[in-house]
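Novice: The structure's right below; bear with me while I get my questions together.
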Amino acid sequence: SDFVATVSHELRTPLAAIYGAAVTIRRVDLTLSQEMHDRLLGVIAEESDRLAQIVNDVLLASHLDSGQLQLNIGTVDAARLTEGVVEAARAHLPEGITLTFDAAAQLPPVAADEQQLRQVLVNLVENAVKYSPDGGPVDVRLTKRPDHVQWAVSDEGLGIPAGERRRVFEKFYRLDPNMTHGVGGTGLGLYICRELVRRFDGRIWVESNGAQGSTFFVEIPIATHGTRRRAREKQAA
Ligand code: ADP
């Protein structure tokens with residue numbers, strides 16, 4: 001019932017926007033300016049993308065639950081991957097958000113599935129932006145630990161009370177299901193992050209970011225010779 005309630009609510013909003021835009025474009029009694037026409041097409045494209053994302057999250061969560069998700073563990077260049085995620089996010093930043101990226105020099109490669117690790121980072125950066133409705137800085141930092149590379153994604157947004165910092169990783173759990181801050185979502189993103197990171201033998205958790213906001217941490221094991229050999233064998237096969 002959690003699933004049906006959350007997902008149908010989340011699907012309805014973009015569907016209504018797409019339907020509204022399409023109906024307006026089709027009205028014969030209305031002469032739309034080129035600008036308005038383009039804006040409505042923009043709504044259709046953006047909201048369709050949102051729908052596709054929701055469907056992807058639902059499918060991914062279901063594959064994770066049923067153990068059907070294929071893992072392709074190889075060596076991943078953490079700095080290059082993260083830079084790509086940050087660059088992509090910069091292309092559609094809301095006004096008032098600044099996004100910075102800082103990586104320690106000479107980071108070793110990590111052992112992970114690159115596409116799935118990208119998904120984790122995209123989710124964390126998107127959340128940091130989304131839960132900073134009044135704008136503010138979002139910082140992504142990469143550092144080296146003894147056996148891991150650590151990501152820290154910080155924001156100065158709404159923050160997460162100490163008592164809720166474990167629960168936000170549960171499936172469908174949302175701090176503000178009634179959307180008092182106008183921020184929507186399925187509550188699947190952090191669940192997916194936790195499940196993926198666990199499969200890479202990594203860790204994910206959240207702490208307070210000083211006075212307000214949150215910092216999400218991810219640690220992924222540094223690739224060993226075994227990981228490199230396995231990845232090479234896979235490429236050769
Ligand atoms: P969604 O964003 O789709 O609701 P997530 O699983 O990504 O789902 O996050 C679960 C909940 O954790 C969110 O609903 C929100 O309440 C909280 N949350 C996640 N990231 C942040 C953040 N950076 N700042 C404040 N709250 C957050």
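The values are calculated or read from the model by the stated rules, or taken from the named source; none is laboratory data. These numbers come from a predicted model, not from an experiment. In this analysis, Cβ positions are derived from the backbone assuming ideal geometry, glycine residues included, and neighbour counts consider all displayed protein chains. In case anyone asks, the SASA skips ligands and DNA or RNA and just uses the protein heavy atoms, side chains included. Shrake-Rupley method; radii C 1.70, N 1.55, O 1.52, S 1.80 Å.
Novice: For residue 60, indicate whether it is open to solvent by less than 80 Å² (accessible area, probe 1.4 Å) and in contact with a helix residue (DSSP H, G or I) (Cβ under 6 Å, 6 or more places away or on another chain).
Specialist: yes
Novice: Here is a further query. Is one or more of the residues making up the stretch 151-169 open to solvent by 20 Å² or more (accessible area, probe 1.4 Å), within 21 Å of residue 10 (Cα to Cα) and not aliphatic (A, V, I, L, M)?
Specialist: Yes, because at least one residue in the stretch 151-169 is open to solvent by 20 Å² or more (accessible area, probe 1.4 Å), within 21 Å of residue 10 (Cα to Cα) and not aliphatic (A, V, I, L, M).
Novice: Next question. Within the stretch 101-113, can you find the residues that are over 15 Å from residue 142 (Cβ atoms) and either open to solvent by 50 Å² or more (accessible area, probe 1.4 Å) or not acidic (Asp, Glu) (or both)?
Specialist: 111
Novice: Further question on the same structure: Can you name the number of the only condition in (1) among the small types (Gly, Ala, Ser); (2) touching a Pro at 6+ places or on another chain (Cβ under 8 Å); (3) within 16 Å of the ligand (Cβ to nearest atom) that residue 48 fails?
Specialist: Of the numbered conditions (1) among the small types (Gly, Ala, Ser); (2) touching a Pro at 6+ places or on another chain (Cβ under 8 Å); (3) within 16 Å of the ligand (Cβ to nearest atom), the odd one out for residue 48 is (3).
Novice: Taking interchain pairs and intrachain pairs at least six residues apart, which have beta carbon atoms under 8 angstrom, with the first residue in the stretch 180-191 and closer than 13 Å to residue 168 by Cβ and modelled with pLDDT under 85 and the second open to solvent by 20 Å² or more (accessible area, probe 1.4 Å) and within 6 Å of the ligand (Cβ to nearest atom)?
Specialist: Correct list of pairs: 185/174.
Novice: Just to verify a result, which residue in the stretch 128-149, among those that are open to solvent by 10 Å² or more (accessible area, probe 1.4 Å) and part of a loop (DSSP other than H, G, I, E, B), is nearest to the ligand (Cβ to nearest atom)?
Specialist: 131
Novice: Go through the stretch 39-55 and give me each residue that's open to solvent by 60 Å² or more (accessible area, probe 1.4 Å), in contact with a helix residue (DSSP H, G or I) (Cβ under 9 Å, 6 or more places away or on another chain) and closer than 18 Å to residue 10 by Cβ.
Specialist: 46, 49, 50, 55
Novice: Sticking with this one: Scan the stretch 176-187 residue by residue and report those that are surrounded by fewer than 16 Cβ atoms within 10 Å (Cβ to Cβ) and within 6 Å of the ligand (Cβ to nearest atom).
Specialist: Residue satisfying the conditions is 176 alone.
Novice: Ok, one more. Tell me which residues, restricted to the stretch 188-223, are within 12 Å of the ligand (Cβ to nearest atom), crowded, with 18+ Cβ neighbours inside 10 Å and of a type in the set (Gly, Ala, Ser).
Specialist: Scanning the stretch 188-223 gives 189, 213, 214.
Novice: Residues in the stretch 115-127 that are away from the ligand (no atom under 12 Å from the Cβ) and touching a helix residue (DSSP H, G or I) at 6+ places or on another chain (Cβ under 8 Å): how many?
Specialist: Counting residues in the stretch 115-127 that are away from the ligand (no atom under 12 Å from the Cβ) and touching a helix residue (DSSP H, G or I) at 6+ places or on another chain (Cβ under 8 Å) gives 4.
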